[in-house]
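Note sheet for the following structure.
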Amino acid sequence: MKVFHFNILSLFLISILFLHNGIAQNYHQWDLPDGAISRIGKGTVKDVTFSPDGRRLIVQTGIGLWIYDVSTGTELNLKSESTSQILDVSPYSNAYVILDSSNTLHVRDLENHELNVSLMGDTEGIRQVIFSPDRKILSGMYSDYVYLWDITTGKQMKMLKVNDSWFRTIAFSSDGQTIASVDSGRTLRLWDVATGIEKATLSKYTHGIGNLIITPDDKTLISGSDNGNVKLWDIESGELRKEIDTVALRSIAVSPDGKTIAVGGYEGLHLYNAITGAYIAKLGGHIRGVGRIAFSPDGSTLASSGAEELFIWDTESKRRLVSIDGHVGVWGMAISPDGNTLATSNREKIYFWSLNNGQNKALIFAGHHSIYRDLAFSPDGSTLACIDSLIVLWDLSNYVFLSTLFGIDETLQPNTTLRGYTSIVYSTDGQYLAAGNRNRNIHLFYQGRTFATTLRGHTDEVTSIAFSQDTTMLASGSKDNTVRLWDVNAATEIHTCKGHTDNVNYVAINHDGSIIASGSDDATIILWDTITGLPISMLTGHTQGIQSLAFSHDGKTLVSCAGADDPTIRLWDVATGEQKILNGHRLGPRLLYFSPDGNTFVTANWDGEILIWDYKAIIGEESQPVILSEDVNRDGVVDVQDLIYVASQFGNSDIENQADINKDGVVNIADILLVAAAITNKNAAPLKLTQAQGFLTHEKVQDWINQATQLFLTTTDSHQGLNYLKQLLVHLTPNQTLLLTNYPNPFNPETWIPYQLATTTNAKITIFSANGVLIRTLELGYKPAGIYHDQSRAAYWDGKNQNGEPVASGVYFYSFSAGKYMATKRMVIRK
């Protein structure tokens, strides 16, 4: 793990990189909705509990129930509830409760997912339920009532009622005969379950109690207040026995033996002695506090969940046993240009996920109190731009901070910086980075770094921006209910599109630049003609405000998603307005992006559920392998071997030469750039240089770059190709100068001595006998930086001395000097 510290405008940003080398789990394909092919992220944690034997941890999320092995943290199962809300889980009853879309409560079997019973009576409005420990009763709270049901029959048994108040929380005794409650009137009560009658009032002046627990021996009631005040009440007498001042809390748990109280809150996880009230220890690791905690049945382990962390602890040693990842919310999202990586953000963190196996590849901790609401990869994939109050750029070669950007509004006082960015996007050619802000403007940065100009015209906050594929136009949406189209080069407004009756939340431009799609809080989507600025059609069907839009690559389909209470994803036929509806998220997704190849799209909601959908299968098309003209050796992939082949044909003017990609009659640097650009696509192979290093040298690639920079590059492909060549040059430039072991060794009569140079310099190798006598000097000359490993580039020794005579068998030493670098290694001649 690497930690990087940066000072930015008096704020410290910390970057932490975690590399995961584990084997991919198959949970990414568990319980998927129709049309989805994988999931990333597991949803934020709502509650945790242990199985009766303590070997499994059951984690309640918005997606469903995740089952983990306690000793390893391995995912064992997922019980998805994509259309229903899980309210409570009882491992001892082997059951859990769900609330469906009709506000009906159902009890399901925890093992087989089957329905046990549906609860009778009025269940509307109930959002909090609790199983009794004796596994006989289910309680549900709503307003001033607590309803009690028989779990076996589903019949309603009793109702508890408070006057002029409403229930905040309740707790059962272990024998199921007593319920403790606290209400909004700050009264702490005990109830008789059998009769539904109040047995005792412990206090009429409680303050902020949000947690209640009755100890396993049924003798003590523990109450926890928001301010950290924990009180222990004697149930029989109703007297207050002890008061413990702890940290501000969100949840409490008591060990099975009743001796230890765990308190979780904004200041972490803390343990207290329940008998004496003495402080025991803090269990560190949660960055933004603790939400839920639970002891295992034998008290040997403790589970705790934070905003993004899920830990299992050994209660005796206070050591963390297991850390379970993936339970994180999603605020912003972006897909890398090569289609291999998904970046997601939430408070203070940016996660990088593999789209191939769903594994978490890296994590940037961006600093306390940062909230990254939108992300964008640069077209070459080397930089990630994020927006908080400012624009922050991250170098993705080593996941470190790069720089901070902000625009200047010339209409304000000199050098006044504008903050509060809302959306960010790169142009496809990398020439511009655009960012919309709450100050009604759009800032353009040239080459993604230098402030260029401000686009003004909106009268309220800019919510969304999108470039056309050729970078000539920029569309923007605003809370002023308008969509505006801008000429990027002239920095002037082309059209103001009016038609929405509420905030415009999202805009998208199709690939040929002829149509803008806009989604609004008025729950409509309008398609606009970019030439006239007039509406083409209006699409209706969503029940909440539109949050995100994306055109398919061929422009025939528009995909949309809306607010949290509208879980549908809709695919619209752009020509006819017909729609296809997908279901899969319980909470409506608010982020939506197509993959670079257009075969899949990704959706995500606030709760951290990310689904990858097979677009081709959904619309009834089978994905066909794409045969690229840049695949000159016709092996099915575009890789460095195609680059080598094109370079080998330089200057060739044969009419049928496959290396002449652009068919201009000659193979030259333009064809190299086209192949290099294709290598950055999803259909291309990743960078593999092992077999190519004999031909792809530092000096050769540098020469290509020099030729390319002399051209007037106007196309996206040429810019992408040049960027790839620059990446290739980095791969061919070692970080350090090194002398490597000769091969073969032992040898007879010849050997090769590999080395690498971090900088261009003079180099030579001197060979000595075991007693220090000079045998041979190999003057390598002035060598460019690069890798000299294979036989065509490594230093060669034929086993002869300076006079050309073969040397005898034995041990020899060779010394390598390159600039200030010197190293010596041993070799053996065996005849």
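The values are calculated or read from the model by the stated rules, or taken from the named source; none is laboratory data. Since we're looking at a predicted model, the values are computed, not measured. Heads up, the Cβs are rebuilt from the backbone with ideal geometry, glycines too, and the neighbour counts pull from every protein chain shown. The protein model used for the area step is the full one, side chains on, heavy atoms only, and it has no ligands, DNA or RNA in it. Shrake-Rupley method; radii C 1.70, N 1.55, O 1.52, S 1.80 Å.
Scanning region 234-257 for residues that are in contact with an Asp or Glu (Cβ under 6 Å, 6 or more places away or on another chain) and open to solvent by less than 60 Å² (accessible area, probe 1.4 Å) gives a single hit, VAL247.
Sub-6 Å Cβ pairs linking a first residue in region 93-118 that is touching a residue at least 12 places away in the same chain (Cβ under 8 Å) and under 22 Å from ASN77 (Cβ atoms) to a second residue that is basic (Lys, Arg) and outside any strand (DSSP E or B), at least 6 apart or interchain, are SER93/ARG135, ordered by first then second residue.
Residues of region 243-262 that are in contact with a Lys or Arg (Cβ under 7 Å, 6 or more places away or on another chain) and charged (D, E, K, R): GLU243 alone.
Scanning region 588-617 for residues that are over 27 Å from SER101 (Cα atoms) and among the aliphatic types (A, V, I, L, M) gives a single hit, ALA617. Scanning region 730-775 for residues that are among the charged types (D, E, K, R) and part of a loop (DSSP other than H, G, I, E, B) returns a single hit, GLU750.
Of all residues in region 702-726 being part of a helix (DSSP H, G or I) and among the β-branched types (Val, Ile, Thr), which is most open to solvent (accessible area, probe 1.4 Å)?
Step one: filter region 702-726 for residues part of a helix (DSSP H, G or I), giving 702-709, 716-726.
Adding the requirement that they be among the β-branched types (Val, Ile, Thr) leaves 705, 709, 716.
Working: ILE705: 13, THR709: 81, THR716: 42 Å².
Among residues in region 702-726 that are part of a helix (DSSP H, G or I) and among the β-branched types (Val, Ile, Thr), the one most open to solvent (accessible area, probe 1.4 Å) is THR709.
Kindly indicate whether LEU611 is touching a residue at least 40 places away in the same chain (Cβ under 8 Å), assigned to a strand (DSSP E or B) and open to solvent by less than 10 Å² (accessible area, probe 1.4 Å). Taking the combined requirement at face value, the residue satisfies it.
Among ALA575, ALA604, which is the only one that is within 16 Å of GLY35 (Cβ to Cβ) and either open to solvent by less than 30 Å² (accessible area, probe 1.4 Å) or of a type in the set (Gly, Ala, Ser) (or both)?
Going through ALA575, ALA604 in turn, just one is within 16 Å of GLY35 (Cβ to Cβ) and either open to solvent by less than 30 Å² (accessible area, probe 1.4 Å) or of a type in the set (Gly, Ala, Ser) (or both): ALA604.
Taken together, the residues in region 614-635 that are at pLDDT below 70 and either open to solvent by less than 60 Å² (accessible area, probe 1.4 Å) or more than 21 Å from ASP717 (Cα to Cα) (or both) amount to 5.
Please work out if THR761 is touching a residue at least 12 places away in the same chain (Cβ under 8 Å), of a type in the set (Val, Ile, Thr), within 17 Å of LEU738 (Cβ to Cβ) and surrounded by fewer than 19 Cβ atoms within 10 Å (Cβ to Cβ). Break it down stepwise before answering.
Numbers: touching a residue at least 12 places away in the same chain (Cβ under 8 Å): yes; of a type in the set (Val, Ile, Thr): yes; within 17 Å of LEU738 (Cβ to Cβ): yes; surrounded by fewer than 19 Cβ atoms within 10 Å (Cβ to Cβ): yes.
So THR761 fits the description; yes.
From the list SER345, SER317, SER305, the one residue that fits, being polar (S, T, N, Q), part of a strand (DSSP E or B) and farther than 16 Å from CYS386 by Cα, is SER305. Here THR201 does not fit the description of being of a type outside the set (Lys, Arg) and under 29 Å from PHE311 (Cα atoms). Looking at region 299-326, I want the residues that are at negative phi and surrounded by fewer than 19 Cβ atoms within 10 Å (Cβ to Cβ) and have a partner that is assigned to a loop (DSSP other than H, G, I, E, B) and among the polar types (S, T, N, Q) with Cβ atoms under 8 Å, at least 6 apart or on another chain. Which pairs are those? Sorted first by the residue in region 299-326, then by its partner, the pairs are SER300/THR315; ASP314/SER300; GLU316/SER300; LEU321/SER71. Of all residues in region 574-602, those that are at pLDDT below 90 have Cβ atoms under 6 Å from Cβ atoms of residues that are assigned to a strand (DSSP E or B) and open to solvent by less than 20 Å² (accessible area, probe 1.4 Å), 6 or more apart or on another chain, in GLY584/ALA36; GLY584/LEU611. Might you check whether a residue that is modelled with pLDDT under 95, out of contact with any strand residue (DSSP E or B) (no Cβ under 9 Å at 6 or more places or on another chain), open to solvent by 40 Å² or more (accessible area, probe 1.4 Å) and more than 27 Å from TRP66 (Cβ to Cβ) occurs anywhere in region 370-382? Yes, region 370-382 has at least one match. Scanning region 776-812 for residues that are part of a strand (DSSP E or B) and either in contact with a Gly (Cβ under 7 Å, 6 or more places away or on another chain) or open to solvent by 70 Å² or more (accessible area, probe 1.4 Å) (or both) yields GLU779, TYR782, TYR796, LYS800, PRO806.
Where strands (runs of 3 or more DSSP E) fall entirely within region 39-114, none has at least 1 residues that are over 28 Å from ASN360 (Cα atoms) and in contact with a helix residue (DSSP H, G or I) (Cβ under 7 Å, 6 or more places away or on another chain).
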